[in-house]
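The values are calculated or read from the model by the stated rules, or taken from the named source; none is laboratory data. The model shown is predicted, which means the values in this text are computed figures rather than measured ones. Here the Cβ positions follow ideal geometry from the backbone for every residue, glycine too, while neighbour counts run over all protein chains shown.
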Amino acid sequence: MDIKDSQLGFDDLISKDEKKDAEKEILELRNKIEYYSKLYYDEDNSPITDYEYDMMMNRLKALEKENPELITPNSPTQKVGGHVREDFEKVTHEVPLLSLQDVFSYEELYDFDKRIKQTGNTKYCVETKIDGLSCALKYENGILVQGATRGDGVVGEDITDNVKKIKSIPKKIKEPINITVRGEVFIGKEDFEKLNEEREVLGEPKFANARNAAAGSLRQLDSKITEQRPLDIYIFNVQKVENKNWNSHYEELNYLADLGFNVVPFRKLCNNIEEAVKAVTEIGENREELGFGIDGAVIKVDDLDLREELGTTFKVPKWAVAYKYPPEQKETIVKDIICQVGRTGVITPMAILEPVKVAGSTISKTTLHNEDFVKEKDLKIGDHVIIQKQGDVIPEVVKVLKEKRDGTETQFEMPKVCPVCGALAVREEGESAVRCTGIECPAKALRNIVHFASDSGMDIEGLGYKIVEQLLNKNLIKNIADIYDLKLEDIASLKKNGKKFAQNLIDSIQESKNRDLSNLLSAFGIRHVGGKTAKSLAKKYETLDKLMNADVTSLAFVNDIGMVIADSIYTFFREEQTIDLVDRLKQAGVNTRSLKQSGTDNRFDGMTFVLTGSLSKYTRDEASEIIENLGGKTSGSVSKKTSYVLAGEDAGSKLTKAQSLGIPIISEQDFEDMIK
């Protein structure tokens, strides 16, 4: 064999290795993209940024272009993301709701223009790409008859009841025509912040971003939940229309606006690609001023006849592309690190920066998340850092330039007391958050008062989130104790003709003074103390004074309470703010004793019951209370320590597990016989 033949064999070997590596990387990328796509489209959740997702997709496209024989029909590059949930009715779109081809540079926009010009000349329409959930709205004789999500582009979910709850979607348009339009449902920036504030106060998990919030709100099985969310929509396309002919997409959008639709607000007709690129730049420079989130700009062929000629692929139209703005990084200096206290008492470090313009906005501060983040970055006050902002994501510190340190930098330490109220700040084992323990901390006032008045607390009917917020804003109350100083005229001033509402609320406040000690303990919102633990404490100590004087060791021996909860209770009742609050509540006449004194009947002493299924004569809470009053305990899970499983109708997995473990199963009638 000569040298030439030997070299050919060697090259062939390298080629096979490269092919194997490419195949492996393609498979890994497909799996990752499928995983994140499912989270994004089906579960309205996105743990990574759009840019990170786009870069993975771009890499996959490049590898498949180099290795076309490895392309499969199921590759994410060959299909529209998203699936249809089984609990929704399916809707087959008469015209597919396609995705868009993403581009990341102006050079790619000019390449797009060259491809278009091979077929014909055209103007371009440039629009903001709204960051929300795409849907189609169908009208018959001008009446809204159907709403559907995009789904996989061909089949979507029927969300007609939900879209009818969105105020900006007209139920009837100005002309009795048959038309299907496409739009993007979203939540505006201010509304999103307000929604998350309310969820934080109510103890509900905050939404990661506005897109997830909008998508999750629109895809609710209960349209009443959709109605409560601040959803909006912008229409950006006609999918199908009868007896109407346009040649211009721009004119089409103007017609939709005349019909009463909320049409995408930034839309610019451009004579050529140079003007289109200028419009894309304009959107990028002014995106911070928009009241809604965007994830790019869309460049569309304006000539509708040319669109027909250009056609589509199975996934994207050939007549449009989406320009994605790249993340921008800038260097700045950390001038200081301060701490802010959130509505739930979490203390968060915040970097005060030398102001710098990033992605169209001037950044002078950014969150540092928690103590661990600062330590992991080895971040010091005075450090030079690189900050990054991509899209509408909050700017973040991505790198510390340690080589620029000159020795004047200072170490940051998390505070030991709350910077707002001075109460003890604690970080529990296994948690990253440092929390304020003060019950009268002004930063926590809204959350604390709402929780105090809630069903699981003192059950003050009418004193919900919005009323508490109004009372605080008008300085009519500042803390929990002030509730009992409210006057009729104070409350009546909150509403037009509000005397009846005010009287009902005053009556409810007065009634709450007679609640059991367990209600009061639950209302305090002590960390780790819920309704069940509050009942155990009330039963054990009988009065608030006895509980406040209890030491950690005795607390730890109460049913369902270990050292962590005991320490939390002990610390709470040693705070000056707590002592002051209790004194004021006593002066107001609030009951601080257990009204359910333990009797001599402890027939269920040492027994643990598990409740499953629906009971006909009792609620779960009522049955649990009976068991606890007779000395027993209830648990949410079946184990070998379970004494009985009380099974109602439609009992599920708990019943099955009890049967497998040989745990005695009792009916509602058996239970009644046991408590007679």
Query - Options LYS164, LYS206; residue that is in the same structural domain as ASP232 (by TED's automatic domain parsing) and closer than 30 Å to ALA453 by Cβ - result: LYS206
**Report entry** Filtered residues of region 265-286 (kept if at pLDDT below 95 and buried (at least 22 other Cβ atoms within 10 Å of the Cβ))
**Finding:** ILE283
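This table checks each residue for (1) charged (D, E, K, R); (2) over 26 Å from ARG211 (Cβ atoms); (3) in contact with a helix residue (DSSP H, G or I) (Cβ under 6 Å, 6 or more places away or on another chain).
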| residue | (1), (2), (3) |
| --- | --- |
| ASP113 | yes, yes, yes |
| VAL126 | no, no, yes |
| LYS138 | yes, no, no |
| GLY142 | no, yes, no |
| VAL145 | no, yes, no |
| ALA148 | no, no, no |
| ASP158 | yes, no, no |
Query raised in the report: Before we move on, is LYS657 charged (D, E, K, R), in contact with a helix residue (DSSP H, G or I) (Cβ under 8 Å, 6 or more places away or on another chain) and more than 27 Å from SER518 (Cα to Cα)?
Result: no
Report task. Mind listing whichever residues of region 630-642 are in a loop (DSSP other than H, G, I, E, B) and of a type in the set (Lys, Arg)? Result -> LYS640, LYS641
Query raised in the report: In region 375-397, which residue that is more than 11 Å from GLU409 (Cα to Cα) and modelled with pLDDT of 90 or more is nearest to the chain's Cα centre (by Cα)?
Result: VAL397
**Report entry** Enumeration of residues in region 243-261 that are touching a residue at least 24 places away in the same chain (Cβ under 8 Å) and within 20 Å of ASN178 (Cβ to Cβ)
**Finding:** ASN243, LYS244, TRP246, HIS249, GLU252, LEU253, LEU256, ASP258, LEU259, GLY260, PHE261
Query raised in the report: Residues of region 97-138 being within 34 Å of the chain's Cα centre (by Cα), of a type in the set (Val, Ile, Thr) and within 26 Å of ILE179 (Cα to Cα), which ones?
Result: VAL126, THR128, ILE130
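For the structure I just gave you, tell me whether GLY613 is on the phi > 0 side of the Ramachandran plot and either of a type in the set (Lys, Arg) or over 36 Å from the mean Cα position of the chain (by Cα) (or both).
Values: on the phi > 0 side of the Ramachandran plot: yes; either of a type in the set (Lys, Arg) or over 36 Å from the mean Cα position of the chain (by Cα) (or both): no.
For GLY613, the condition - on the phi > 0 side of the Ramachandran plot and either of a type in the set (Lys, Arg) or over 36 Å from the mean Cα position of the chain (by Cα) (or both) - is not met.
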Query raised in the report: Which condition does GLU289 not pass, out of (1) within 29 Å of the chain's Cα centre (by Cα); (2) touching a residue at least 24 places away in the same chain (Cβ under 8 Å), if it passes all the others?
Result: (2)
Requested in this report: Please find, among ILE627, ILE663, the residue that is part of a loop (DSSP other than H, G, I, E, B), out of contact with any Gly (no Cβ under 8 Å at 6 or more places or on another chain) and surrounded by 15 or more Cβ atoms within 10 Å (Cβ to Cβ).
Outcome: ILE663
Query raised in the report: Pick from ILE565, ILE569: which is under 30 Å from SER653 (Cβ atoms) and assigned by TED's automatic domain parsing to the domain that holds PHE524?
Result: ILE565
Query raised in the report: Out of (1) closer than 27 Å to GLU542 by Cβ; (2) modelled with pLDDT under 95, the odd one out for ILE483 is which?
Result: (2)
Query raised in the report: Does region 206-245 hold any residues that are of a type in the set (Phe, Trp, Tyr) and either surrounded by fewer than 18 Cβ atoms within 10 Å (Cβ to Cβ) or closer than 30 Å to LEU304 by Cβ (or both), and which are they?
Result: TYR234, PHE236
Requested in this report: For region 643-652, state whether one or more residues are surrounded by fewer than 16 Cβ atoms within 10 Å (Cβ to Cβ), outside any strand (DSSP E or B) and at positive phi.
Outcome: yes
**Report entry** Odd one out for SER614, checked against (1) modelled with pLDDT of 90 or more; (2) of a type in the set (Ser, Thr, Tyr); (3) surrounded by fewer than 17 Cβ atoms within 10 Å (Cβ to Cβ)
**Finding:** (1)
Report summary line: Inside region 405-424, the number of residues satisfying the requirement of being farther than 30 Å from ILE579 by Cβ and either in contact with a Gly (Cβ under 8 Å, 6 or more places away or on another chain) or surrounded by 13 or more Cβ atoms within 10 Å (Cβ to Cβ) (or both) is 5
Report summary line: In region 549-578, anything in contact with a helix residue (DSSP H, G or I) (Cβ under 8 Å, 6 or more places away or on another chain), in contact (Cβ under 8 Å) with a residue 24 or more places away in the chain and part of a helix (DSSP H, G or I) is listed as ILE565, ILE569, PHE572, THR578
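Name every residue in region 322-374 that is basic (Lys, Arg) and at pLDDT below 95, in order of residue number. Quick ask: steps written out before the conclusion?
Within region 322-374, the subset basic (Lys, Arg) is 324, 330, 335, 343, 357, 365.
Residues satisfying the conditions are LYS324, LYS330, ARG343, LYS357, LYS365.
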Query raised in the report: Got a sec? Which helices (runs of 4 or more DSSP H) wholly within region 425-498 have at least 2 residues that are surrounded by fewer than 15 Cβ atoms within 10 Å (Cβ to Cβ), over 25 Å from the mean Cα position of the chain (by Cα) and not basic (Lys, Arg)?
Result: 488-492
